[in-house]
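Quick notes on the structure that follows.
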Amino acid sequence: MSNKPSGRTLAVRAGLETDEQHGAVVPPLHLSSTFTYAGFGQPRAYDYTRTANPTRDVLAEALAELEGGVGATVTCTGMAAITLVCQLVDPGDLVIAPYDCYGGTFRLLSDFAQRGLFRLELIDQTDAAELDRALALNPRLVWVETPTNPLLRIVDLWKLSQRLQDSDALLAVDNTFLSPVLQRPIEFGADLVVHSTTKYLNGHSDVVGGAVVATTPELHERMQYWANALGLTGAPFDSFLTLRGLRTLHARMRLHEENANALANLAVAHAAVRCVHYPGLPDHAGHALAKRQQHGFGGMLSLELAGGEPAAQVFLEALQYFSLAESLGGVESLASHPWSMTHGVVDEASKLAAGLCPGLVRLSAGIEATRDLVADVEQALDCVLAAASARDSALG
């Protein structure tokens with residue numbers, strides 16, 4: 001029998017039976033903001049929760065093990081985690097990021113660059129020529145989303161990490177869409193892995209948080225230092241809830257993917273849909289790469305509706321088992337309109353250049369019964385066709 005437990009076992013058993021005072025199975029929640037010294041000049045392992053907290057540390061250790069890193073820094077939000085990584089670059093350094101990244105990431109990186117904190121190149125990281133041009137500029141940090149949000153493009157992490165081997169560039173990968181269950185970027189050469197723990201890791205839409213997993217003690221120490229200095233560390237109660245969610249991560253991810261796959265196969269054959277963005281479909285441009293790089297295709301998909309924004313509105317308003325809301329990765333299914341919601345902060349020219357359009361809707365498949373979600377999406381797409389037919393009739 002292997003001495004190293006699987007990720008599934010690690011997630012379930014993280015921190016269990018560590019309470020030496022009462023023998024509690026679940027690790028206790030430490031809400032104290034401050035901790036006593038044993039005596040004058042005798043600090044204990046913990047002194048102040050912004051700096052370190054026992055509950056947060058249990059979550060951090062679990063995330064580091066799941067991703068295969070040396071340590072994890074738990075932050076108060078996913079954006080705080082991205083802000084931490086940005087502390088690794090200096091004025092004049094170059095950051096390369098995907099032009100179709102999450103809207104909040106786009107805003108943060110663009111605003112930091114405008115303030116002169118670093119230089120920024122937003123590119124299509126799946127385009128070999130674009131990547132060659134950008135890497136020739138000697139970046140300090142290459143920021144990757146794979147799959148991207150919301151178009152689910154796939155970036156070849158191994159090939160990219162090999163290109164960076166002889167440089168000083170750091171490779172940071174946002175693994176929020178897949179979680180360590182379906183992708184472990186460190187195995188493909190990533191230096192840092194970033195999560196919005198708000199999403200799949202917590203999985204219940206009741207916590208906001210983030211994390212940065214580092215591959216070296218030096219990087220981990222720098223992340224810990226800046227998290228404390230900037231006050232970006234996560235709260236103990238949020239860490240407690242996220243750890244609870246983590247215990248069911250593997251089971252949830254199976255159901256998320258099962259539902260997303262069924263929805264994608266329905267949508268790709270429906271007349272109201274122009275294009276389906278889901279790496280699990282054989283004709284997706286990144287399908288073969290995703291099969292090599294990932295352990296599954298995830299619970300996220302995007303549909304480009306033939307009728308543009310009016311069709312998107314009809315579709316979203318017709319859904320019954322999808323809540324119209326931002327975020328993703330919860331047990332409940334969510335639907336959003338990236339053009340006006342998650343990417344509303346991005347200027348129109350940048351959205352169009354990245355391939356976003358007003359008719360795009362993004363679905364986060366929850367863990368409800370597959371047949372209910374499929375029936376719901378089908379009737380909503382039928383409503384789109386009916387609305388289009390009614391408009392055509394009205395126009396004569």
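What the table shows:
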| item | result |
| --- | --- |
| Filter pass, Thr55 being assigned to a loop (DSSP other than H, G, I, E, B) and within 28 Å of Tyr200 (Cα to Cα) | no |
| Count of residues meeting criterion [in contact with a strand residue (DSSP E or B) (Cβ under 6 Å, 6 or more places away or on another chain) and in a loop (DSSP other than H, G, I, E, B)] in region 71-86 | 1 |
| Residues satisfying the stated conditions in region 317-332, i.e. closer than 18 Å to Leu151 by Cα and surrounded by fewer than 19 Cβ atoms within 10 Å (Cβ to Cβ) | Ala325, Glu326, Ser327 |
| Restricting region 287-311 to residues that are in contact with a Pro (Cβ under 8 Å, 6 or more places away or on another chain) and in a loop (DSSP other than H, G, I, E, B), the residue that is surrounded by the fewest Cβ atoms within 10 Å (Cβ to Cβ) | Gln294 |
| Scope region 370-396; condition within 30 Å of Ala251 (Cα to Cα) and loosely packed, with under 12 Cβ neighbours inside 10 Å; matching residues | Arg371 |
| The one condition in (1) among the aliphatic types (A, V, I, L, M); (2) in contact with a strand residue (DSSP E or B) (Cβ under 8 Å, 6 or more places away or on another chain); (3) assigned to a loop (DSSP other than H, G, I, E, B) that Val361 fails to fulfil | (3) |
| Tabulated pairs, region 369-393, first of a type in the set (Asp, Glu) and at pLDDT 95 or above, second assigned to a helix (DSSP H, G or I) and surrounded by 14 or more Cβ atoms within 10 Å (Cβ to Cβ), C-beta under 7 angstrom, 6+ apart or interchain | Glu378/Leu266 |
| Unique match (being surrounded by fewer than 11 Cβ atoms within 10 Å (Cβ to Cβ) and either touching a residue at least 12 places away in the same chain (Cβ under 8 Å) or on the phi > 0 side of the Ramachandran plot (or both)) among Thr18, Thr34, Thr51 | Thr34 |
| Residue in region 141-159 that is at pLDDT 95 or above, in contact with a Gly (Cβ under 8 Å, 6 or more places away or on another chain) and not in a loop (DSSP other than H, G, I, E, B) present | yes |
| Region 333-343, residues that are in a loop (DSSP other than H, G, I, E, B) and either without any contact (Cβ under 8 Å) to a residue 60 or more places away in the chain or exposed (fewer than 13 other Cβ atoms within 10 Å of the Cβ) (or both) | His337, Trp339, Ser340, Met341 |
| Leu88 vs. criteria surrounded by fewer than 19 Cβ atoms within 10 Å (Cβ to Cβ), modelled with pLDDT of 95 or more and either over 30 Å from Pro28 (Cα atoms) or β-branched (Val, Ile, Thr) (or both) | no |
| Options Thr36, Thr55, Thr73, Thr49; residue that is under 30 Å from Pro139 (Cα atoms) and modelled with pLDDT of 95 or more | Thr73 |
| Those residues of region 255-286 which are in contact (Cβ under 8 Å) with a residue 24 or more places away in the chain and part of a helix (DSSP H, G or I), in sequence order | Leu255, His256, Glu257, Glu258, Asn259, Ala260, Asn261, Ala262, Leu263, Ala264, Leu266, Ala267 |
| Tally of residues being in contact (Cβ under 8 Å) with a residue 24 or more places away in the chain and among the β-branched types (Val, Ile, Thr) across region 1-15 | 1 |
| Residue within region 29-52 that is closer than 20 Å to Val207 by Cβ and charged (D, E, K, R) present | yes |
| Residues (farther than 20 Å from Val85 by Cβ, of a type outside the set (A, V, I, L, M, F, W, C) and within 24 Å of the chain's Cα centre (by Cα)) located in region 131-167 | Pro150, Arg153, Asp156, Lys159, Gln162 |
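The values are calculated or read from the model by the stated rules, or taken from the named source; none is laboratory data. Note that the coordinates shown come from a computational prediction; the quantities given were computed from them, not determined experimentally. Neighbour counts run over all protein chains shown; Cβ positions are idealised from the backbone, glycine included.
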